[in-house]
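Worksheet for the structure shown next.
The values are calculated or read from the model by the stated rules, or taken from the named source; none is laboratory data. Keep in mind it's a predicted model, so treat the numbers as computed, not measured. Ligands, DNA and RNA are stripped out before the accessible areas are found, and what is left, the full protein with its side chains, is counted by its heavy atoms. Shrake-Rupley method; radii C 1.70, N 1.55, O 1.52, S 1.80 Å.
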Amino acid sequence: RLRRLPPEIGALVALRELVVANNALHQLPPSIGNLRALRALDVSGNALDELPLELRALASTLIVSNLKRNPWRAMPPNFGSWSTADALTIGLVGLRTAPSIERA
């Protein structure tokens, strides 16, 4: 089981799908924001409690995001407006307030 993703993952700029579900990740490296071709992200079933702000750089390309089964403490401000995702799954267990999901 993975405990961390190396920062070098950000060098995979042509990566279209990243599935790291059911591991022991506690955080995502900020370099994940470099994955501008990413269309699908599955980080379900980890130990993530927050998302890096750099993930916002993927807002225009990410189509599917699975964020469920993580002990979320907080979502970034205006998280719902970040994504054009057709499918977004978030487990809200542990959050004190639900993230704003309004879109422009």
Handout entry: region 30-75, relative contact order [Cα under 8 Å, separation at least 6], %
Key = 51 percent
Exercise for the section: Please calculate the 1.4 Å probe accessible area of R73, with all protein chains present, and give it to the nearest 10 Å². Expected result: 140 Å²
